[in-house]
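Engineer: Can you keep this structure in mind? I'll have questions shortly.
The values are calculated or read from the model by the stated rules, or taken from the named source; none is laboratory data. Here the structure is a predicted model, which means the values were calculated and not measured. Methodologically, a virtual Cβ is constructed for each residue, glycine included, from the backbone with ideal geometry; neighbour enumeration extends over all protein chains shown. Remember, those area values only see protein heavy atoms, side chains included, never the ligands or the DNA or RNA. Shrake-Rupley method; radii C 1.70, N 1.55, O 1.52, S 1.80 Å.
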Amino acid sequence: MADRVTVIGWDGSPLTAAAHGALGAATLVAGAGHHLVLPEVPPGAERIRLGSVALAARRIAAHRGTAVVFADGDPGFFGVVRTLRAPEFGLEVEVVPAVSSVAAAFARAGMPWDDAQVVVAHPRTLRRAVNVCRAHTKVAVLTSPGAGPAELGLLLDGIHRTFVICEELGTAREQVTVVTSDKAADHTWRDPNVVIVIGGPAAAQEGGGWIAGRDTGAGVRGWTLPPEAYGGGLGEGETEPLRAAQLARLGPRVGDLVWDIGCGSGAFATEAARAGAAVIAVDRDHGACARTDAAARRFAVQLQIVHGTAPHVLENLPEPDVVRVGGGGAAVVSAVADRRPQRIVAHAATRDAAELVGRALSEHGYEAECALLQSVELDTRSWTEKERSVAFLLTGVLPDRAP
């Protein structure tokens, strides 16, 4: 086993005394190509070009001597430290930090970043990273081969964003480019790079916030809000108790894409977006689309609003994680189920309609549940009934998809 492993963060600045000391004693040095050619690397040290950090960790664990691992930026921030400290390698790790590539990127852009979301994009997580860019006004994306600026731009089709692309930060080839998201695929970008994605309405924060990233609990308290918050006039399928139950069943979260089909006033779409999810709101009525847009602006959330009639309008939409079907019945539920979201919720006014929706879910391999929800609103001055609502709530869960 290596006697000592020192991880050195590298941001292009001169190496610190601690880094020089670790390198002077190193018999093995691992890093990217531009790290291994640094003049401070001992000429007699074994050199490992980093590809898989896990494979490098196994070689380091078998090495008899002192090892140094180079990493761009702060190695403790989405970096190699997590892998090297895994119990199976048994390595004792010391860290010499540097400015993270995210901090450097925002510095180059001259922007604050305490209100930014930070995501890592690999081919397997690219879709979720894109959903964060859809939902939030400022996102830093740590890219990887196959999940870079071009791929981000292609998957943001129809959503306007500005990209600040920072290539090879800290090196002599460092370059910062500003393009719109629709133009990102027209270029070839050098790895490694960080993409700052900016766009959409931002809630004003006097003196900055109190927590890094967007505070999804900011503003009005409550997962669901009363009709007055949306100007009144909500539809039958938009009552507060029903929306609360639908939100509870779907559990929208950061990284998810939610479809709200038959968005009506935009109440559910807005509340799903307030939870941090990306939302596409669909309605065939121009007035409903306008009301949904107004609700999104009122609560400073980002929605993509699509005017059209389901199920045909759904064909070209990106893949959803969870879906609320607010209108269209069993035919729309069947079309949605063909796209295999993890969860679907719908409602029906009668038992016959509920049975049709439940059958459509079951026939598509979903585990279907149905509950009869009844709520009665009372006037607390006289304790008399003000309003009564009854609805069948249907939920479909796809068992072969991860939650």
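Engineer: Being touching a residue at least 40 places away in the same chain (Cβ under 8 Å) and either of a type in the set (Gly, Ala, Ser) or outside any loop (DSSP other than H, G, I, E, B) (or both) is the filter here; which residues of region 40-63 pass it?
Structural biologist: Ile60, Ala61, Ala62 - these are the residues of region 40-63 that are touching a residue at least 40 places away in the same chain (Cβ under 8 Å) and either of a type in the set (Gly, Ala, Ser) or outside any loop (DSSP other than H, G, I, E, B) (or both).
Engineer: Looking at (1) β-branched (Val, Ile, Thr); (2) without any contact (Cβ under 8 Å) to a residue 40 or more places away in the chain; (3) crowded, with 19+ Cβ neighbours inside 10 Å, which one does Val69 not meet, given that it meets all the others?
Structural biologist: With (1) β-branched (Val, Ile, Thr); (2) without any contact (Cβ under 8 Å) to a residue 40 or more places away in the chain; (3) crowded, with 19+ Cβ neighbours inside 10 Å applied to Val69, the lone miss is (2).
Engineer: Which residue out of Leu234, Leu257 is within 21 Å of the chain's Cα centre (by Cα) and under 22 Å from Ile344 (Cβ atoms)?
Structural biologist: Checking each option against the conditions leaves just Leu257.
Engineer: Anything in region 362-387 that is surrounded by 10 or more Cβ atoms within 10 Å (Cβ to Cβ) and among the small types (Gly, Ala, Ser)? List them, or say none.
Structural biologist: Passing the criteria: Ser362, Gly365, Ala368, Ala371, Ser375.
Engineer: Could you check Asp182 against (1) buried (at least 16 other Cβ atoms within 10 Å of the Cβ); (2) under 21 Å from Gln302 (Cα atoms); (3) under 19 Å from the mean Cα position of the chain (by Cα) and say which number it fails?
Structural biologist: Of the numbered conditions (1) buried (at least 16 other Cβ atoms within 10 Å of the Cβ); (2) under 21 Å from Gln302 (Cα atoms); (3) under 19 Å from the mean Cα position of the chain (by Cα), the odd one out for Asp182 is (3).
Engineer: So Ser375 clears everything in (1) small (Gly, Ala, Ser); (2) at pLDDT below 95; (3) out of contact with any Ser or Thr (no Cβ under 7 Å at 6 or more places or on another chain); (4) not in a loop (DSSP other than H, G, I, E, B) except one condition, right? Which one?
Structural biologist: It is condition (3) that Ser375 fails.
Engineer: Here is a check on your reading of the model: is Ala290 over 25 Å from the mean Cα position of the chain (by Cα), of a type in the set (A, V, I, L, M, F, W, C) and either in a helix (DSSP H, G or I) or farther than 25 Å from Glu363 by Cα (or both)?
Structural biologist: Yes; evaluated as a whole, the condition is true for this residue.
Engineer: Hey, another quick one. Give me the pairs, please: first residue somewhere in region 244-264 and within 16 Å of Glu369 (Cβ to Cβ) and touching a residue at least 60 places away in the same chain (Cβ under 8 Å), second residue anywhere and open to solvent by 20 Å² or more (accessible area, probe 1.4 Å) and part of a strand (DSSP E or B), beta-carbon distance under 8 Å, and either six or more positions apart or on two chains.
Structural biologist: Sorted first by the residue in region 244-264, then by its partner, the pairs are Ala245/Ala371; Ala245/Leu373; Gln246/His347; Arg249/Arg343; Leu250/Arg343; Gly251/Arg343.
Engineer: Hey, another quick one. Can you tell which of Leu152, Leu169 is part of a loop (DSSP other than H, G, I, E, B) and crowded, with 18+ Cβ neighbours inside 10 Å?
Structural biologist: Of Leu152, Leu169, the one residue that is part of a loop (DSSP other than H, G, I, E, B) and crowded, with 18+ Cβ neighbours inside 10 Å is Leu169.
Engineer: Of all residues in region 135-152, how many are in contact with a Leu (Cβ under 7 Å, 6 or more places away or on another chain) and under 19 Å from Arg214 (Cα atoms)?
Structural biologist: Residues meeting the conditions: 1.
Engineer: If you scan region 233-278, which residues turn out to be among the basic types (Lys, Arg) and touching a Lys or Arg at 6+ places or on another chain (Cβ under 8 Å)?
Structural biologist: Arg249
Engineer: Across region 1-39, which residue is modelled with the highest pLDDT among those that are assigned to a loop (DSSP other than H, G, I, E, B), out of contact with any Asp or Glu (no Cβ under 9 Å at 6 or more places or on another chain) and within 20 Å of Phe77 (Cβ to Cβ)?
Structural biologist: Residue satisfying both the conditions and the ranking: Thr16.
Engineer: Could you check Val119 against (1) open to solvent by 40 Å² or more (accessible area, probe 1.4 Å); (2) in contact with a strand residue (DSSP E or B) (Cβ under 7 Å, 6 or more places away or on another chain); (3) under 25 Å from Trp210 (Cα atoms) and say which number it fails?
Structural biologist: (1)
Engineer: A further question on this structure: Sort out which residues of region 111-133 are in a helix (DSSP H, G or I) and not β-branched (Val, Ile, Thr), and write them in order of number.
Structural biologist: Leu126, Arg127, Arg128, Ala129, Asn131, Cys133
Engineer: hydroxyl-bearing (Ser, Thr, Tyr) and open to solvent by 30 Å² or more (accessible area, probe 1.4 Å) - does that describe any residue in region 267-290?
Structural biologist: So far as region 267-290 goes, no, none of its residues is hydroxyl-bearing (Ser, Thr, Tyr) and open to solvent by 30 Å² or more (accessible area, probe 1.4 Å).
Engineer: Which residue pairs have Cβ atoms under 8 Å apart, sit 6 or more places apart or on different chains, and have a first residue in region 85-108 that is under 21 Å from Thr66 (Cβ atoms) and a second that is aromatic (Phe, Trp, Tyr)?
Structural biologist: Pairs found: Ala98/Trp10.
Engineer: Report yes if some residue within region 310-323 is open to solvent by less than 30 Å² (accessible area, probe 1.4 Å) and either among the small types (Gly, Ala, Ser) or more than 24 Å from the chain's Cα centre (by Cα) (or both); otherwise report no.
Structural biologist: Yes: one or more hits.
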